1. So, in the range 175-190, of the ones that are in contact with a helix residue (DSSP H, G or I) (Cβ under 7 Å, 6 or more places away or on another chain) and surrounded by fewer than 21 Cβ atoms within 10 Å (Cβ to Cβ), which residue ends up farthest from residue 47 (Cα to Cα)?
2. For residue 99, work out the one condition from (1) assigned to a strand (DSSP E or B); (2) without any contact (Cβ under 8 Å) to a residue 60 or more places away in the chain; (3) farther than 24 Å from residue 135 by Cα it doesn't fulfil.
3. Which of the residues that make up the range 13-53 are surrounded by 12 or more Cβ atoms within 10 Å (Cβ to Cβ) and over 24 Å from residue 130 (Cα atoms)?
4. Which of the residues spanning the range 140-158 are under 17 Å from residue 38 (Cα atoms) and either surrounded by 11 or more Cβ atoms within 10 Å (Cβ to Cβ) or not assigned by TED's automatic domain parsing to the domain that holds residue 41 (or both)?
5. Give the residue, chosen from 172, 196, that is touching a strand residue (DSSP E or B) at 6+ places or on another chain (Cβ under 9 Å) and buried (at least 17 other Cβ atoms within 10 Å of the Cβ).
6. Give the residue, chosen from 149, 170, that is at pLDDT 90 or above, closer than 30 Å to residue 41 by Cα and assigned to a helix (DSSP H, G or I).
7. Taking residue 187 as the residue in question, decide whether it is over 30 Å from residue 255 (Cβ atoms), in the same structural domain as residue 42 (by TED's automatic domain parsing) and modelled with pLDDT of 90 or more.
């Protein structure tokens, strides 16, 4: 079977069931779908395993995860692979835009939000990269196009389509008797995880409710005192209440700040 190279237009002979191809005339890396021939790019990894784990630990120590997750989580397994995405570049009156769609099954939807600089795209070379690290795409080009149309993008403005393999470290870790996974994109170091041990919001919501109640009650008491001291003059009563509120709010804030500090340390 022969196909047309999307770069130089030469006829390239393809063996049956062959998908990853290199044009013998211009050395372009190509991917052959059942219905479409597109460029095949790969983004190089910039992180070693220990560096990627360091990024994961810093992410675990953030404000969105439970306290001391970076210290208490037990990493049980690490995998490195190149994950495939469909890459669409569109051009209209507002300029160029990039749309990504996973080309293989994944539970991490944030992959669509990856930022891929044009200069990071390199032609895939099967002589450099290990075949077992390359995840084979199972989402066809037509399906990716249908997703693009479903997102409100007209296919008429698509100027470039390609298959791009992006490097990832996938970490498997245990915490609190549960198993979790997280991805570290090995080009930028960005961490992606849909499900993780998140910081509980309940204590903060309770503190927020107590704060509102405390300041409302304090305001009412200040107005009661103000009118009690100046019952005959409304303006003086209001001024007196505002004066008391300055000091009363300061006093009420002290235990609330202490409570917030304790919750932040323990949750």
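1. Step one: of the range 175-190, the residues in contact with a helix residue (DSSP H, G or I) (Cβ under 7 Å, 6 or more places away or on another chain) are 175, 182, 184, 186-187, 189.
Filter once more, so that each one left must be surrounded by fewer than 21 Cβ atoms within 10 Å (Cβ to Cβ): 175, 187, 189.
Details: 175: 25, 187: 7, 189: 7 Å.
Result: 175.
2. Answer for residue 99: the failing condition is (3).
3. 36
4. Taking the range 140-158 as the starting set, the residues that turn out to be under 17 Å from residue 38 (Cα atoms) are 140-146, 148, 155-158.
Matches in the range 140-158: 140, 141, 142, 143, 144, 145, 146, 148, 155, 157, 158.
5. Working: 172 fails: buried (at least 17 other Cβ atoms within 10 Å of the Cβ).
Every option except 196 fails the conditions.
6. Numbers: 170 fails: assigned to a helix (DSSP H, G or I).
Going through 149, 170 in turn, just one is at pLDDT 90 or above, closer than 30 Å to residue 41 by Cα and assigned to a helix (DSSP H, G or I): 149.
7. Numbers: over 30 Å from residue 255 (Cβ atoms): yes; in the same structural domain as residue 42 (by TED's automatic domain parsing): yes; modelled with pLDDT of 90 or more: yes.
Answer is yes for this residue.
The values are calculated or read from the model by the stated rules, or taken from the named source; none is laboratory data. What you see is a predicted model, and the numbers here were worked out from it, not measured in a lab. Cβ atoms come from the backbone with ideal geometry, glycine included; neighbour counts cover every protein chain shown.
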